[in-house]
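One structure below.
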Amino acid sequence: MELQTGLTDGTIVTFAGGSLAETATVLLVAEREGQVLVVTDRTPFHPQSLTWPDQPGDRGSLTLANGGLVTVRDSREAVLNVATGLLLAGDAALGQKRGDPDLRAVVLHWLDAGPVPTVGDVVGLTVDQTYRDALSLQHTGVHLAALALNQCAAPFWTKEGQDPDTMGFPNLDQAAVTRSEIGGTASLDVYRLGKSLRKKGFDRDAFVADLSDRAATINATLATMLASPAPVSLTPTEGQLGDRRLWSSQLNGKPVSMPCGGTHVADLSQIARITVTLDPVEDGFAMRTTTH
């Protein structure tokens, strides 16, 4: 989708600080293919990312200036060229050079049919907390599972010098993940163990020879990680959607962090347990993570 607008900047987002409600000014209202989209100057909504769409966008409601309520059924990232005012979404946005200094990230709120705001209106934006909390729980579980996977896979690297994760283990998760889907009750990550990874010294055949044993090792590590709960943070807590964000916590008393643009629980004490299962796929494996 391409839309000529008068927008001049990206969207300020506050989801990283846990915000669920904001008052905002409407900057754009448009209809495309029977769907209404709204852009505001700021929002608590976490949108589905263009480049790594693992976590679905928040949904919730928009309170109109007259007090009426409209459902926000989805939220997605779009790209604005501030030099031209051209707003791009979907495939059109993916074709842009991400390093272009004129590009800004924008949150599109997709509304159900019904009354809509007008440009300049001050509106309320409220996130569906139940839906957000479910995704946040699973997303945090995925991060811990990725770190536990790296620890489990460490003995299967035959060459030194691999890029380590924040715990000092070779980062198999970062090197091999090709797809990630975060759901409300579980998540799925798919890993490709191709020729390039094997050239770097990863013993694929030995690792996949007994995936049930690998899963048991990962699950034991996860139980240890959760034995000492610690706060979880995502920083900066407020800023442009396109800003780089860092997820941080402590595991077994040691600080851990990784880049992330999703949402998370506020403390590991909110997690009772995390379990993974590993299944073979073509040239790799899939890890299903369930967080309770």
- Considering segment 59-103, residues that are without any contact (Cβ under 8 Å) to a residue 12 or more places away in the chain and within 21 Å of the chain's Cα centre (by Cα), and then whichever is surrounded by the fewest Cβ atoms within 10 Å (Cβ to Cβ), we arrive at Gly99
- Residue count, segment 218-238, condition surrounded by fewer than 16 Cβ atoms within 10 Å (Cβ to Cβ) and not in a loop (DSSP other than H, G, I, E, B), comes to 5
- Task: Counting only residues that are hydrophobic (A, V, I, L, M, F, W, C), give me the strands (runs of 3 or more DSSP E) lying completely in segment 1-108 with at least 2 of them.
- Result: 21-32, 35-40, 69-81, 86-88
- Task: Name the single residue, out of those in segment 57-75 being touching a Ser or Thr at 6+ places or on another chain (Cβ under 9 Å) and among the aliphatic types (A, V, I, L, M), that is nearest to Asp128 (Cα to Cα).
- Result: Val72
- Message: Based on this model, can you work out whether Arg198 counts as in a helix (DSSP H, G or I) and either buried (at least 18 other Cβ atoms within 10 Å of the Cβ) or among the charged types (D, E, K, R) (or both)?
- Response: yes
- Which one of these does Pro255 not meet: (1) in contact (Cβ under 8 Å) with a residue 60 or more places away in the chain; (2) outside any helix (DSSP H, G or I); (3) surrounded by fewer than 14 Cβ atoms within 10 Å (Cβ to Cβ); (4) touching a Leu at 6+ places or on another chain (Cβ under 8 Å)? (4)
- Message: If the requirement is being under 29 Å from Met225 (Cα atoms) and either in contact with a His (Cβ under 8 Å, 6 or more places away or on another chain) or surrounded by fewer than 19 Cβ atoms within 10 Å (Cβ to Cβ) (or both), which of these qualifies: Thr130, Thr126, Thr118?
- Response: Thr130
- Task: Working carefully through the options Leu108, Leu137, Leu88, find the one that is more than 30 Å from Ala206 (Cβ to Cβ), among the aliphatic types (A, V, I, L, M) and not assigned by TED's automatic domain parsing to the domain that holds Thr71.
- Result: Leu137
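The values are calculated or read from the model by the stated rules, or taken from the named source; none is laboratory data. None of the values given here were measured: they were computed from a predicted structure. Cβ coordinates were reconstructed from backbone atoms using ideal geometry, including for glycine residues, and neighbour counts include every protein chain displayed.
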